[in-house]
Amino acid sequence: MNPVIETRQASRHYGEGDTLVKALDEVSLQIQPGEFTAIVGPSGSGKSTLLQLVGGLDIPSEGSIHLSGKAISQMSGRELSDFRRDHIGFIFQAYNLIPVLTAAENCEYIMLLQGIAEKERRERVRAMLERVGLGGKENRRPNQLSGGQQQRVAVARAMVSQPDIILADEPTANLDSQTGADLLDMMHELNRKEGMTFVFSTHDPMIMERATRLVHLRDGRIEQEEHRA
Amino acid sequence: MLMLKLAFRNILRNRRRTILTILSMFGGYVLMSVQLSVTEGSYDQMLEFYTKDTTGHVQITTPGFVERPTLYKSVPVSEDIMSALSEQPDVQAVTARIESSALAYGDTKSFPVEVKGVHPGREADLSYLADKVSEGDYLTGDPDSDGYYEAMIGAQAARQLNLGIGDELVLISQGADGSLANDLYRISAILGQPEDAEARWVVLPLAAAQAFYVMPGEAHRLIVLGRNHHQARTLETQLQNWVDNRWPESDYRATAWQDVAKDFYRTMQADKEGGQVTLYILVFLVCIGVLNTVLMSVMERTGEFGVLKAIGTSPSRLFWLIVLETLVLAFSACVIGVLAAWPINAWFTAVGIEMAEPMEISGIVFSHYKGQLSWYVFAYPAVVILLAAVIIALMPGLRAARIVPVDAMRTL
Ligand SMILES: Nc1ncnc2c1ncn2[C@@H]1O[C@H](COP(=O)(O)OP(=O)(O)OP(=O)(O)O)[C@@H](O)[C@H]1O
Ligand SMILES: [Mg+2]
C-alpha cells in the first residue's frame, strides 16, 4: 500500500552555530492508511516537531515530506492548504480554537471551506459535538468553555470533516482520565470501523495500549519501533 | 458569507480600535467631501459667472474667429435669426456682438478703446453688462432727437478723455469695407471702475456699431446661453447642427466656452487640481493611521491566522479576510460620512461661508464660499477611501497570507 504520508531523512534544525538544536535528525517514517500510531519519547525529543512536518505545517531543514506521494516542496501554498483541508485533521496541544467562532462554528469551518451543504454540515456538527459530550454547548465561544471542553471541540473539529488522517499532539494531556478514555475510545472506533488513520504524540499509557504501532523518539532520532497486531 | 461573518466578528472584537479606525476614515471622508463640495461649488459659481459675463456658453462665429478675432470675419444677424436661435431647446438667451477697436476723442485728448456693439435689450438679459454701469443710464439703443446714438464708456477711458455723462464722444476707425469710419456719440453711462476689465471699453448699440464699421446685418459673434456652463459641449453639437441647417453653404462654427476661453479654462482646471493636493495629503495621513491599526490587528492575530491556515484556509482567503475587514470599516466610515457630510454640504450650497475679503470681479461681488450638492462630492471621497482601504490592506493581507503555520502558532 502507498503511505499516506512519508518523511524521507527529514531534519529540522533550530538556531545555528553553537546554539544549533537538531529537533529532528534524519527521520524517515511512513504512515500507512489505517494505522493507529503513537509517537512517544521524553519531553523535547521532537514529537511535536515531527507531527508538524508530517502535517505540512513546517518545512524540513533537510530531507523531504511526501503527501500522497507528492513532495510538499513542490506544492503551491494553495495546494498545500487544500491538502490539509481535505485530508488532514489536526488536534493541537494547545487546542487552538478560533476565539470569535462558537463551538459549532469552529467545527463547521472546515466543511464550509470544503463547500459542504448547510443541512449536512449542521447535522454532522450536532452529532459530533453530541458524541464528544458537548451537546447543548454548541453556541458557546471557546472562552466560555473549560480547557477539557475546548480540547473536545478541537477533537470534534478535526474529525467532523472526515479527513484521511488525524494528527494529534498530546490530545489527552489536558483531560481528566475519564474524558480522555472516552475520546480515545471514540477515535479507536473510528479507526477500526472507518479505517481513519491516527498519529499521536503522547506520554499517555492509554494511547500506547491501543496503538498498533509505537515509534520511540530520542533526541530527534527514531530509537525504536514496535508493531502490534 | 463565512469570510464576511469572520470579518464582522473580528471587527467587533476590539471595539475601541474599530471605532477609532472608523472615526479617522470618517473624518477623512467628511473633510474630503466638504472640501470638494466647496471647491466645486466655488469654481462652479465663478465659471457660471464668467461664462455669462464674457463668453456665453456657446458662440457662433466664422471659423477661426475665436482664435484670431478680426473685423472682417462676420456672421449674419437679424431679429429673425436671434429668435430662431432662442427657440432651440435648452437655449435661455441669445445676443449678438460686434468687437473691434477705435481711437476715441474727447475734448482735446485721444485714447485707444475697445469697441463693443451690443443689442441693448438682449445683452442685458444675457450678461452682466447692465450691472456694470457705475454712473448714468444703460443704453436705450435708439438715436436721440439729434440723431446721435448713445455710448457707454469705461471708467479709465472716460477719465483719460475727461468725459462725463451727456458729453460727446468721437470714434475714429476703419470700416469693414476699408473706408474711414468716424462718428459722434453721446455718453449715457460710465462702466465700472478704472481698474476693471471694461475700463477701456466703449459700448455702442448694435445698430450703431454696424453703421460705424459698415457691416449692416452682420455681427462678429452670436452669443448663446444654455441652461448652465456644464452643458456647453452638448449645446455646442446641437447648435452646430442648427447652423449647418440654417446656412448649408457656409462654414460657420458653434464653439463652446471651453474653447473660446481656452487659456482661462486651462488655468481654472490647473488651479482646481492644485487645490486637491491638500486633499491627498489628508488622505495620506489618514491612511498611515489606519495602516497602523490594521497592521497591529493582524500582528496580534498571527497565531490565529496560523491556526486558520493549518486547518486548511488558503493563503488567498486569509488575504481577502484582511481586505474584507478593512473594507467593512471603510464602508461603514463612508456611510456615516455621507450622513454627516450631507447637511454640511447642503448648508454650504444654500448659505455658504463669508469670505474674509469679498472678491470683486468686474463689478460683481463674490462674498461667500459656496458648496455643491452633487453625487460627485459624495462618491469621489467614497471611492478614494475604499480604494485606500484596499491598498492599506495589501501589506498586512500579504503578511497574513504568507504565514508559516507553526511559526505563527508559536505566538499563541
Ligand atoms: N522554535 C524553536 N526554536 C528553538 N528550538 C525549538 C523550537 N521548537 C522546538 N525546539 C526544540 O526542539 C526540540 C524538540 O521540540 P518538540 O517540541 O518537538 O519536543 P516534544 O517532543 O514535542 O516535547 P514535549 O513532549 O515537551 O511536547 C526541543 O529541544 C525544543 O527545545
Ligand atoms: Mg510537544
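The values are calculated or read from the model by the stated rules, or taken from the named source; none is laboratory data. Since the model is a prediction, treat every value here as computed from it, not as a measurement. Using ideal geometry, Cβ is built from the backbone for each residue, glycine included, and neighbour counts are taken over all protein chains shown. The accessibility values were calculated without ligands, DNA or RNA, using every heavy atom of the protein model including side chains. Shrake-Rupley method; radii C 1.70, N 1.55, O 1.52, S 1.80 Å.
Annotations
- Global form of segment B:37-107, assessed from the alpha-carbon gyration tensor, a/c cut-off 1.5: oblate
- Surface calculation, 1.4 Å probe, protein heavy atoms: A:His203 sits at approximately 100 Å² accessible.
- Summed side-chain charge close to B:Leu204 - residues other than B:Leu204 whose Cβ falls under 13 Å, Lys, Arg +1, Asp, Glu -1: -3
- Span from the segment A:69-147 Cα centroid across to the segment A:201-229 one, whole angstrom: 27 Å
- Of all DSSP-defined beta bridges confined to the protein assembly as shown, some 70% are antiparallel rather than parallel.
- Chain B, helix-only ellipticity at 222 nm - DSSP H runs n ≥ 4, -39,500 (n - 2.57), divided by all residues, nearest 500: -17000 deg cm²/dmol
- Loss of accessible area when B meets A, both sides summed, Å² nearest 100, probe 1.4 Å: 2200 Å²
- Rounded to 10°, Cα long-axis angle of helix B:2-13 versus longest principal axis of chain B: 90 degrees
- Remark on A:Leu145: its backbone amide H falls under 5 Å from none of the residues 5 or more positions apart or on other chains, H modelled at 1.01 Å from N.
- Reachable lysines from B:Lys52, criterion Cα separation under 19 angstrom, eight or more residues apart if same chain: B:Lys116, B:Lys132, B:Lys262, B:Lys370
- Inter-chain neighbour count for A:57-64: the average number of beta-carbon atoms from partner chains within 10 Å of each residue's beta-carbon is 2.
- Heavy-atom accessible area per residue - segment B:58-225, 1.4 Å, Å²: 41 Å²
- 10 Å Cβ neighbours from other chains, averaged over peptide B:301-311: 6
- For segment B:384-392, 3J(HN,Hα) per residue [Karplus equation, 6.51 cos²θ - 1.76 cosθ + 1.60, θ = phi - 60°, Hz, x = Gly/Pro]: 4, 5, 5, 5, 4, 4, 5, 5, 4
- Alpha carbon centroid spacing (whole Å) that separates segment B:297-370 from segment B:157-231: 53 Å
- Cα centroid of segment A:1-57 to Cα centroid of segment B:61-99, whole Å: 91 Å
- Computed over segment B:58-225, the convex hull of the alpha-carbon atoms projects to a mean area of 9.6 nm².
- GNM result for chain A, Cα springs below 10 Å: residue of A:Val155, A:Val54, A:Val100 fluctuating most strongly: A:Val100
- Among beta bridges that DSSP assigns inside segment B:58-225, antiparallel share in %, nearest 5: 75 percent
- In percent, rounded to a whole number, the relative contact order of chain A is 29, using alpha-carbon pairs under 8 Å and six or more apart.
- Protein heavy-atom surface of segment B:66-217, 1.4 angstrom probe: 45% of the accessible area is carbon and sulfur, with nucleic acids and ligands not counted.
- Scalar couplings 3J(HN,Hα) for segment A:170-177, obtained by applying the Karplus form with A = 6.51, B = -1.76, C = 1.60 to θ = phi - 60°, are 6, x, 9, 4, 9, 10, 5, 5 Hz; x denotes Gly and Pro.
- In chain A, the longest principal axis of the Cα atoms and the axis of helix A:77-87 are about 60 degrees apart.
- Shape index of the protein assembly as shown: Rg/Rh, with Rg the Cα radius of gyration and Rh the Kirkwood radius from the inverse mean 1/r over Cα pairs, equals 1.33.
- Shielding score for B:315-322, defined as the mean number of other chain Cβ atoms within 10 Å: 2
- Segment B:31-97: trypsin sites (Lys or Arg not before Pro) in DSSP loop, at most 11 other beta carbons within 10 Å: none
- Compared with its chain on its own, segment A:96-115 contains the following residues whose accessible area drops by 20 Å² or more in the full protein assembly (probe 1.4 Å; ligands, DNA and RNA excluded): A:Asn96, A:Ile98, A:Pro99, A:Val100, A:Leu101, A:Glu105, A:Tyr109, A:Ile110, A:Leu112, A:Leu113.
- Lys/Arg +1, Asp/Glu -1 at C-beta; chain B dipole; positive extreme among B:Ile223, B:Leu184, B:Gly136: B:Ile223
- Distance between modelled label sites at B:Thr278 and B:Asp263, nm, 7 Å Cα→Cβ extension: 2.8 nm
- For segment A:122-192: rounded, prolate or oblate by the Cα gyration tensor [a/c cutoff 1.5]: oblate
- Cross-link partners of A:Lys22 among lysines, defined as those whose alpha carbon lies under 19 angstrom from its own and excluding same-chain residues fewer than eight positions apart: A:Lys47.
- The string of couplings for segment A:107-124 from the Karplus curve (6.51, -1.76, 1.60, θ = phi - 60°) is 6, 6, 3, 5, 5, 5, 4, 7, x, 7, 4, 3, 4, 5, 4, 4, 5, 5 Hz, one whole number per residue in order, with x for Gly and Pro.
- Whether segment A:63-215 is rounded, prolate or oblate, judged on the alpha carbon gyration tensor where a/c under 1.5 counts as rounded: oblate
- Remark on B:Ala96: its backbone amide H falls under 5 Å from those of B:His119, B:Ile223, a criterion applied only to residues 5 or more positions apart or on other chains, H modelled at 1.01 Å from N.
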